[in-house]
Amino acid sequence: MPDLKQAELRRVIGVRGLAAAIFNITVGAGIFVLPANAAAQLGAAAPLAYLVCAVAMALVALCFAEAGSRVPQSGGPYAYVESAFGPYIGYLCGVLLWLGITIAMGAVAGVFADTLSQLIPRLGGLVWRLVVVVLLVGSLAIVNVRGAALGSRTSGITIFAKLVPLVAFVLIGLPHVTSANLAIPALPPSGKIAATGLLLMFAFFGMESALQVSGEVVTPQRTVPRAIGLGLCGVALLYISIQLVAQGVLGSALAAPENATAPLAAAAGQFAGAAGRRLILIGAIISTFGFMAASMLSTPRTLFALARDGFLPRPLATVHPGHHTPSVAIVVQAVVVCAIALTGTYVQLAIVSASAVLLVYLACTLAAAMLRRRDVRSDGEPFRMPAGGVVPWVAAGLIVWLMTQATAMAWLLTGGVVVLASLAYLGGRHPTRVALHRDG
């Protein structure tokens, strides 16, 4: 897709529209599962980790907004980092984004299978889990090879389907909260908050996709920070409310192993019976399917672009002669996602995914500081974040603090991919642009 100059874009998106986009893209499959893990780590103090994530994401979003106004090109984070630090670092960010999204797809595919088994118990067990994951990923791969934009067609439906049960969960469950279940006996150590925050960041990713329309925002200097504030405050309020209701209804049982795969459904079953439990499970299934559909549409294009530019085997750049889609890249993506889904737990995969994406966010915060220092700009005056001399460094510090809790597996996998990507870079020709996309 060709880059568009600022003058060619119509500024029609206001505060409410951009805030709604940030909210809808961010709220995904993770919040249906993560409250149990947060409770297991921090108990009633779990909302503290959500607040840390919200603050970190707000600061990162401001960096994205300023960098995006200075580098209005396709590619999002890749373009910002490339402009600030050159093609090699930008290329590594592109690879890490692919890694993070692909691992997220594996984690969410596993959640889809686990949630479906909660709704239909006879689909439980390892064999059925394998069958469901393969059918889910394989069917989406076939659809996308045939050229149907299933992800975009289902986005509106999945947004409605995931928000209705979540809002209903909070509103109906609130009167059933027991205050004793929310008592915090003592503040947890900062290391435990950071470890929980690293896991919860998985549920906060995606807002950078909404901010890629900054060239079409009315008076971005005012609209962007207000929309970030509204959108992320809305996400944080919803997430914390969900955690408080689930914790207040179930108490310590929220962290029980039997509730690990569907904690909200377990809580809803306590105050709304079987119908409430089914509503949450159906919402989770539709939300996970929507994420998988959108990701299977966009993520293989990264493999295709990297192969086209000489960094991966050329067959990955094959275009289907009849459907004109990157068919080989889609099939390879599907195989990798299935393998990931069947070889790791949700928590393990979420931490690895979060670690990879946080490295990209770290590069973007530093890129924003560099672009401001060099006063890089396109046509017109760029958006300048409040306290722009400080925000990128505070954001970077928070990211580093969260990443100190990453597992050895996360570091080994991410480091291994960086080494392999570096070798591929040395052996390939430098690309002029790698098309990258991030879906909620």
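Under a plain spin-label model, where a point goes 7 Å from the Cα along Cα-to-Cβ, how far apart in nm are Val55 and Val218?
The modelled label-to-label distance comes out at 3.3 nm.
Against the 2.2 N^0.38 Å scaling, with N counting residues, where does the stretch 64-124 land? I'd like the Cα-based Rg ratio to two decimal places. Provide the component values of the computation, followed by the final result.
Working: Rg = 18.1 Å, N = 61, 2.2 N^0.38 = 10.5 Å.
Compactness ratio reported: 1.73.
Please calculate the 1.4 Å probe accessible area of His323, with all protein chains present, and give it to the nearest 10 Å².
70
Please say if the stretch 301-420 is rounded, prolate or oblate, where rounded means a/c under 1.5 for a ≥ b ≥ c the square roots of the C-alpha gyration tensor eigenvalues, and otherwise the choice is prolate for a/b larger than b/c and oblate otherwise? Show your work: numbers first, answer last.
Working: a/c = 2.84, a/b = 1.36, b/c = 2.09.
Verdict is oblate for the stretch 301-420.
For the stretch 250-299, what are the per-bin percents of Cα-Cα distances with bins 5 Å wide, up to the bin holding the maximum?
Bin by bin from 0 Å, the calculated values are 4, 22, 20, 18, 14, 10, 8, 3.
Tell me, what % of the accessible area of the chain is carbon and sulfur with a 1.4 angstrom probe? Numbers along the way, then the final one.
Numbers: 11890 of 17470 Å².
In the chain, the share of accessible area belonging to carbon and sulfur is 68 percent.
How long is the stretch 264-357 along each principal axis, judged by its Cα atoms, biggest number first, in Å?
56, 32, 20
Are there DSSP H segments in the chain that both extend 20 Å or more along their axis (alpha-carbon positions) and score a mean Kyte-Doolittle hydropathy of at least -1.0? List them, or say none. Each step should come with its number before you reach the end.
Working: long enough: 46-70 (37 Å, 1.59); 87-119 (47 Å, 1.42); 126-145 (28 Å, 2.44); 150-173 (34 Å, 1.51); 220-250 (44 Å, 1.09); 263-298 (39 Å, 1.23); 327-341 (21 Å, 2.64); 346-373 (40 Å, 1.56); 408-427 (28 Å, 1.79).
Result, helices passing both filters: 46-70, 87-119, 126-145, 150-173, 220-250, 263-298, 327-341, 346-373, 408-427.
Test of understanding: what is the full-extension gain from Ser422 to Val335, defined as 0.36 nm times their sequence separation minus their Cα-Cα distance? It would help to have the intermediate numbers written out before the result.
Numbers: separation 87, 0.36 × 87 = 31.32 nm, distance 2.34 nm.
Extra length available between Ser422 and Val335 comes to 29.0 nm.
Rounded to the nearest 0.05, what FRET efficiency is calculated for Val394 and Gln348 with R0 set to 22 Å and r the Cβ-Cβ distance?
Values: r = 29 Å, r/R0 = 1.33.
Efficiency, rounded to the nearest 0.05: 0.15.
Per residue, how large is the accessible surface of the stretch 223-360? Use a 1.4 angstrom probe and give square angstrom. Please list the in-between numbers first.
Details: 4700 Å² over 138 residues.
Per residue, the stretch 223-360 has 34 Å² of solvent-accessible surface.
Using 7 Å Cα-to-Cβ label points, what is the Arg16/Thr178 separation (nm, one decimal)?
Placing both labels 7 Å beyond Cα along the Cβ direction yields 4.2 nm.
Give me the dipole magnitude in Debye, nearest 20, for the chain about the Cα centre, with unit charges on the beta carbon: positive for Lys and Arg, negative for Asp and Glu. Before the final figure, lay out each step's value.
Values: 26 positive and 13 negative charges, 88 e Å.
Using only the charged Cβ atoms, the result is roughly 420 debye.
Suppose the chain between Arg314 and Glu381 were pulled fully straight at 0.36 nm per residue; how much longer would it get relative to their current alpha carbon spacing? Please list the in-between numbers first.
Working: separation 67, 0.36 × 67 = 24.12 nm, distance 4.13 nm.
Length gained between Arg314 and Glu381: 20.0 nm.
Once you order the gyration tensor axes a ≥ b ≥ c over the Cα atoms, which shape class does the stretch 97-137 get: rounded for a/c under 1.5, otherwise prolate or oblate by comparing a/b with b/c? Numbers along the way, then the final one.
Values: a/c = 3.37, a/b = 2.34, b/c = 1.44.
It is prolate, given that a/c is not under 1.5 and a/b is the larger ratio.
The values are calculated or read from the model by the stated rules, or taken from the named source; none is laboratory data. Keep in mind that what you see is a predicted model, and the values were worked out from it rather than measured. Here Cβ is always computed from backbone atoms with ideal geometry, including for glycine, and neighbour counts include all displayed protein chains. Just so you know, the surface numbers come from the protein's heavy atoms only, side chains and all, with ligands and any DNA or RNA stripped out. Shrake-Rupley method; radii C 1.70, N 1.55, O 1.52, S 1.80 Å.
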